[in-house]
Amino acid sequence: QVQLRESGGGLVQPGGSLRLSCEASGRTFPGYYAAWFRQVPGTRREFVGRVGWRGDGTYYADSVKGRFTISTDNAKKTMYLQMNSLKSEDTAVYYCAADCEDGTKRPSQCADWGRGTRVTVSS
């Protein structure tokens, strides 16, 4: 079984940047696609973006396109989410997911999940 662990969350001012990491342990990252989602308490988990493990197949939600970038490091079994020009509406718990389907946009399309890391954008 694979375990996913997110890190890098924290408090940042509007306009600032953060880089989240998602490290896989236990075995090779499962499936071909991995993804990032986010969730504000009391709301549904929202798709942020996805990537193939060769670094191809990236796709982003309109709300983050041009500001967020997903990348991978296969040797480290780690996926990253670089977040720039952060806004208050980016405040959420961010989750990484693996073993996702091609075309993933819904949480049900991914089989493995981390426990999340909190990002707060506030002055």
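Key figures for this structure:
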| read-out | value |
| --- | --- |
| Length released on extending from A75 to E89, taking residue separation times 0.36 nm less the Cα-Cα span | 1.7 nm |
| Rounded to the nearest 20 debye, dipole of the chain from Cβ charges on Lys, Arg, Asp, Glu | 160 debye |
| Stokes-Einstein diffusion coefficient of the range 43-100, Kirkwood radius over Cα pairs, 20 °C, 1.002 mPa s, in µm²/s | 174 µm²/s |
| ³J(HN,Hα), Karplus 6.51/-1.76/1.60, whole Hz, each residue of the range 3-9, x for Gly, Pro | 10, 10, 9, 8, 8, x, x |
| Beta bridges per DSSP with both ends in the chain, % antiparallel, nearest 5 | 90 percent |
| Cut-off under 5 Å, modelled amide H: who pairs with F68 long-range | N84 |
| Carbon and sulfur %, accessible surface of the chain computed with the full protein complex present, 1.4 Å | 43 percent |
| All Cα pairs of the chain, percent lying beyond 26 Å | 12 percent |
| Hz values of 3J(HN,Hα) by residue in the range 87-96 - Karplus curve (6.51, -1.76, 1.60), Gly and Pro given as x | 10, 4, 6, 7, 4, 4, 8, 9, 10, 9 |
| Calculated FRET efficiency for the pair Q13/K65, C-beta based, R₀ 22 Å, to 0.05 | 0.50 |
| For the chain, accessible area per residue (1.4 Å probe, heavy atoms of protein chains only), Å² | 52 Å² |
| Listed residues G52, P14, F37: farthest to the positive end of the dipole of the range 9-122 (Cβ charges) | P14 |
| Karplus 3J(HN,Hα) series, Hz, for the range 58-73 with 6.51 cos²θ - 1.76 cosθ + 1.60 (x for Gly, Pro) | 6, 8, 10, 5, 4, 5, 10, 4, x, 10, 10, 9, 9, 9, 9, 10 |
| With DNA, RNA and ligands ignored, accessible area of C100 (1.4 Å probe; Å², nearest 10) | 10 Å² |
| Label point 7 Å beyond Cα of Y32 along Cβ direction - residues of the range 101-117 with amide nitrogen under 12 Å | 101-104 |
| Long-range amide H partners of G116 with built H, under 5 Å | E6, C96 |
| Under 24 Å between alpha carbons - lysine pairs in the chain that sit 8 or more apart or on different chains | 4 |
| For T58, residues with placed amide H under 5 Å, excluding near neighbours | G52 |
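The values are calculated or read from the model by the stated rules, or taken from the named source; none is laboratory data. The model shown is predicted, which means the values in this text are computed figures rather than measured ones. FYI the Cβ positions are ideal-geometry reconstructions off the backbone, even for glycines, and counts take in every protein chain you see. Accessible surface is based on the protein model in full, side chains and every heavy atom, while ligands, DNA and RNA are left aside. Shrake-Rupley method; radii C 1.70, N 1.55, O 1.52, S 1.80 Å.
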